[in-house]
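Enquirer: Can you read through this structure? Questions will come right after.
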């Protein structure tokens, strides 16, 4: 029997699945939507208002400096799919070098961030949070530049919604997604250097 944990998560992501817990009973369900939402690496939009905010350079960004805090803040909402079991398993993935966070800081305070999973040249975005306007969007754009510099070819956002669509997400058929995924996971990219 395979238990929910890092090994199962890595295998699932490689096959195009991701977990979400039911916010009422905590049961974990596996998703592989058709169509699948991704961010085309060459067509990600930077809203003019965010360009102005980033030019001010008030935000500072870090990578994996506060993973446990970021995932808990992402889970801290009334209706969440991020259960304790998911938090524990993704924290283990972080310790193994597969799950990562981008943190947004303002005046030394953590005000936003995101986390996700990287395998090969694929990054699977999981969730984001912010406590001040534009902090999570800024973390997203930091992530985009960060993974572009490391030659990632897939930025998976799983489902499309108004927010991700505004940032440039598109939907593609699952069969096309799986082709890109299979290529991406075979490319030896490192999210962080050891």
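Where a number appears in this text, it was derived from the coordinates with a stated rule and is not lab data. Only a predicted model underlies this, so the values are computations on that prediction, with no experimental measurement involved. As a convention, Cβ positions derive from the backbone with ideal geometry for all residues, glycine included, and neighbour counts pool all protein chains shown.
Enquirer: If you take every DSSP beta bridge fully contained in the chain, what fraction is antiparallel? Give it as a percent rounded to 5.
Expert: Percentage antiparallel, nearest 5: 90.
Enquirer: So for each of 84-90, 63-69 I average, over its residues, the number of other beta carbons within 10 Å; can you give me the resulting order with the highest mean first?
Expert: Final packing ranking: 84-90, 63-69.
Enquirer: Based on the mean of other beta carbon atoms within 10 Å per residue, what is the order of 25-33, 136-144, 173-181, most packed first?
Expert: Ranking the peptides 25-33, 136-144, 173-181 by packing returns 136-144, 173-181, 25-33.
Enquirer: With the Cα gyration tensor of segment 46-109 giving a ≥ b ≥ c as the square roots of its eigenvalues, does the rule (a/c under 1.5 for rounded; else a/b larger than b/c for prolate; else oblate) give rounded, prolate or oblate?
Expert: Taking the square roots of the gyration eigenvalues as a ≥ b ≥ c, segment 46-109 is prolate.
Enquirer: How large is the helix-only mean residue ellipticity at 222 nm for the chain, computed as the sum of -39500 (n - 2.57) over DSSP H runs with n ≥ 4, divided by its residue count, in deg cm²/dmol to the nearest 500?
Expert: That comes out to -10500 deg cm²/dmol.
Enquirer: Sticking with this one: Residue 163 to residue 65: FRET efficiency via 1/(1 + (r/R0)^6), r the Cβ-Cβ distance, R0 22 Å, to the nearest 0.05?
Expert: With R0 = 22 Å, the Cβ-Cβ based efficiency is 0.35.
Enquirer: Counting only C-alpha contacts under 8 Å and six or more residues apart, can you give the relative contact order of the chain as a whole percent?
Expert: Computed over the chain, the figure is 28 percent.
Enquirer: Related question: In whole angstrom, note down how far apart the Cα centers of segment 86-104 and segment 24-56 are.
Expert: 18
Enquirer: Residue 170 to residue 54: FRET efficiency via 1/(1 + (r/R0)^6), r the Cβ-Cβ distance, R0 35 Å, to the nearest 0.05?
Expert: E(calc), rounded to 0.05, equals 0.90.
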